[in-house]
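First up is the structure itself, then whatever we jot down about it.
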Amino acid sequence: MPQTIKSAKQISRSPHETILFAQKFAKNLKPGSIISLEGNLGSGKTTFIKGIARGLGLSRKEEVKSPTFVLMHIYPTPIPLYHFDLYRLETPKELEAIGFEEFIYNPKAISCVEWGEKAENLLPETSYHVELKFVNDHTREIRIKAGKLDRTAKKG
Ligand SMILES: Nc1ncnc2c1ncn2[C@@H]1O[C@H](COP(=O)(O)OP(=O)(O)OP(=O)(O)O)[C@@H](O)[C@H]1O
Ligand SMILES: [Mg+2]
C-alpha cells in the first residue's frame, strides 16, 4: 500500500487477514486521523480496529473489543486510539453528552468509529471510510476510501 492511500479494496478470507490488512493500513494514519467503519453486524469492524490497534503498537496483552455499552474505549498506544461504537446510539444528543467532537478532533489522537454513518455530519471531509461487506462466512470485501462517500452511487 502506498504511504497515503486514497482508496483500496481487498478481499479478506479470515479474521487474521483482516487484521493484517488493517495493520498495514494503520501505517497511513497520523495523529488526528479519523476512520469511520461501516458494515452489518459481524462484518468485521471491530476485527479491523484490532488490526489498527496492533499496527499502532498496542501490546498483545491488551484486548480490543467493541465498547458497546460505554460508546468508547481508549487504548494506550503511543498515539492514543479512541474506539467508538455508535450501534446503540439513539440520538445525536448522546454524542454531545460524551464530548464526541472534542475527542475526534483531538489532533494528538486517532479515532475509529464503528457505525460512523450515524455521526456522518460530524465527521470531517478528511475522514477515512472503511466499508466491510459479507461475501460468505469467512470472506469479507473491504473497501477503504479517503474522503466523503458518494451515498447515491451506493444504492444502485
Ligand atoms: N474475513 C473476515 N474478516 C473479519 N471477520 C471475520 C472474517 N471471517 C469471519 N469473521 C468473523 O466475523 C466476525 C466479525 O466480528 P466483529 O466483531 O469484528 O464484527 P463487527 O462488524 O464489529 O460487528 P458489530 O456490528 O457487532 O460490532 C467474527 O466472529 C469473525 O471471526
Ligand atoms: Mg464491533
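What follows draws every value from the coordinates through simple rules; no lab data is involved. What you are looking at is a predicted structure, and each value in this text was computed from that prediction instead of being measured. Every residue, glycine as well, gets a Cβ built from its backbone with ideal geometry; the counts of neighbours run over all protein chains shown.
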Exercise. Write down the Kirkwood hydrodynamic radius of segment 61-116, to one decimal in angstroms, obtained as one divided by the mean of 1/r over all alpha carbon pairs.
Key: 11.7 Å
Exercise. Find which of 14, 80, 124 sits farthest along the positive direction of the dipole of the chain, computed with +1 on the beta-carbon of Lys and Arg, -1 on that of Asp and Glu, about the Cα centre.
Key: 14
Practice problem: Please sort 79-91, 9-21 by packing, taking for each peptide the average over its residues of neighbouring beta carbons within 10 angstrom, highest first. | Solution: 79-91, 9-21
Quiz item: Using the Kirkwood formula over every pair of different C-alpha atoms, what hydrodynamic radius in Å results for segment 18-96?
Solution: 13.1 Å
Quiz prompt | For the chain, radius of gyration divided by Kirkwood radius, i.e. Rg to Rh on alpha-carbons | solution = 0.93
Self-check item: Projected-area mean, segment 94-144, by convex hull of Cα positions, square nanometres
Solution: 4.6 nm²
Quiz prompt | At R0 = 35 Å, FRET efficiency that the Cβ-Cβ distance of residue 16 and residue 91 yields, to 0.05 | solution = 0.40
Practice problem: From zero up to wherever the largest Cα-Cα distance of segment 1-48 sits, split into 10 Å bins and tell me the percent of pairs in each. | Solution: 22, 58, 20, 0
Quiz prompt | Sequence-distant lysines (8 or more away, or on other chains) whose Cα lies within less than 20 Å of residue 108 | solution = 27, 30, 50
Exercise. Enumerate the aspartates and glutamates that residue 93 could reach by cross-link, defined here as Cα to Cα under 12 Å, with residues fewer than 8 away along the same chain left out.
Key: 101
Self-check item: Added length on full extension, which subtracts the Cα-Cα distance from 0.36 nm per residue, residue 98 to residue 126
Solution: 7.9 nm
Practice problem: Please work out how much length the chain gains when fully extended from residue 7 to residue 40, using 0.36 nm per residue of separation minus the C-alpha to C-alpha distance, in nm with one decimal. | Solution: 9.8 nm
Quiz item: Going toward the positive end of the dipole of the chain, with +1 on Lys and Arg Cβ and -1 on Asp and Glu Cβ, which of 134, 92, 34 do you reach last?
Solution: 134
Quiz prompt | Test item: Cα-centred dipole of segment 1-133, Lys/Arg +1 and Asp/Glu -1 on Cβ, debye | solution = 740 debye
Quiz item: Expressed as a rounded percentage, what relative contact order does segment 39-156 have, with Cα pairs under 8 Å and six or more residues apart?
Solution: 22 percent
